[in-house]
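The values are calculated or read from the model by the stated rules, or taken from the named source; none is laboratory data. What you see is a predicted model; the values in this text were computed from it and never measured. All Cβ positions, even for glycine, are placed from backbone atoms using ideal geometry, and neighbour counts span all protein chains on display. Just so you know, the surface numbers come from the protein's heavy atoms only, side chains and all, with ligands and any DNA or RNA stripped out. Shrake-Rupley method; radii C 1.70, N 1.55, O 1.52, S 1.80 Å.
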Amino acid sequence: ETNLDSETDSAQVELSEPQQKAFTEISSAFAEKQPVLLHGVTSSGKTEIYIKLIQDTLAQGRKVLYLLPEIAITAQIIARLEKYFGTSVKVYHSRHTASARAGVYNAVLGNKYEILLGVRSAIFLPYDNLGLIIVDEEHENSYKQFDPDPRYNARDMALVLGKIHNANVILGSATPSASIVSTAVRDV
């Protein structure tokens, strides 16, 4: 069941020819259950491809985890996602109050979300029915937790979480660091 209202339900992302080509290559890799690296410079159109992938995932009745490297860019992405998905986007990050984080945790636990947008700690929420994991700007050091414990890399954990949930994983970057994916798609 979707939370989309009629205004956002009809919003469809328009992909350029290079974006459509990248989308088709990503879909082919996903059919083979491979994680994908989407390489494209800033403002090259990666977000539109993500939105199309999210639309396809939601159409299959599955959920989406969208990881961002830092809180500062969250507001921009929330606005773009809400344009297409309305109130079905939940946000999780450390600047929220403990009560707000607990509310999001309970929404995820109760399967009352469709898209979760979060920073690295969002990887630990109790997901069910994940169909897509997006790790935007995968090269960023802020995905690595050094102190306090536990020490982890959210990008690497996203790949593991994808295997656990049989979910598609896409790593996006203008300056890729990932040598752990077998399929790389160059955007525009």
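Surface composition of the stretch 58-165: carbon plus sulfur atoms contribute 52% of the solvent-accessible area (1.4 Å probe, protein chains only, all chains present).
Name the shape class, rounded, prolate or oblate, that the alpha-carbon gyration tensor gives for the stretch 56-188, where a ≥ b ≥ c are the square roots of its eigenvalues, rounded holds for a/c under 1.5, and otherwise prolate holds if a/b is larger than b/c and oblate otherwise. Since a/c stays below 1.5, the shape of the stretch 56-188 is classed as rounded. Put simply, the amide H of Leu130, placed in the peptide plane, has neighbours under 5 Å in Lys63, leaving out anything fewer than 5 places away on its chain.
Compared with the alpha-carbon gap, the fully stretched path from Gln55 to His139 is longer by 27.7 nm at 0.36 nm per residue. Dipole size of the chain about its Cα centre, with +1 on Lys/Arg Cβ and -1 on Asp/Glu Cβ: approximately 420 debye, rounded to the nearest 20. Placing unit charges on the Cβ atoms of the charged side chains and taking the dipole of the chain about its Cα centre, the candidate lying farthest along the positive direction among Ala31, Ser94, Gln20 is Ser94. When only the Cβ of Lys, Arg, Asp and Glu is charged (+1, +1, -1, -1), the dipole of the stretch 85-175 relative to its Cα centre reaches about 220 debye. Between Arg186 and His39, the built amide H atoms are under 5 Å apart, and every one of these is 5 or more places off in sequence or on another chain. Which GluC sites (Glu not before Pro) does the stretch 19-97 hold that lie in a coil by DSSP with at most 14 other beta carbons within 10 Å? Those that pass, being in a loop and sparsely packed, are Glu32, Glu70. The residues of the stretch 29-129 have, on average, 44 Å² of accessible surface per residue, using a 1.4 Å probe with all protein chains present. Across the chain, the mean sequence separation of Cα contacts (distance under 8 Å, 6 or more residues apart), normalised by length, yields a relative contact order of 34 percent.
Find which of Tyr84, Ile164, Ala174 sits farthest along the positive direction of the dipole of the stretch 70-188, computed with +1 on the beta-carbon of Lys and Arg, -1 on that of Asp and Glu, about the Cα centre. Value computed over the given set: Tyr84. Rounded to the nearest 0.05, the FRET efficiency derived from the C-beta distance between Gln20 and Thr42 at R0 = 30 Å is 0.90. Computed from phi, the 3J(HN,Hα) profile of the stretch 24-30 under the Karplus parametrisation 6.51, -1.76, 1.60 (θ = phi - 60°) reads 5, 5, 5, 4, 5, 5, 5 Hz, with x in place of Gly and Pro. Working note: 222 nm ellipticity from helices only, DSSP H runs with n ≥ 4, each -39,500 (n - 2.57), summed and divided by the residues of the chain, gives -11500 deg cm²/dmol to the nearest 500. A cut-off of 5 Å between modelled amide H atoms, ignoring neighbours fewer than 5 places along the same chain, links Val169 with Val36, Ile133.
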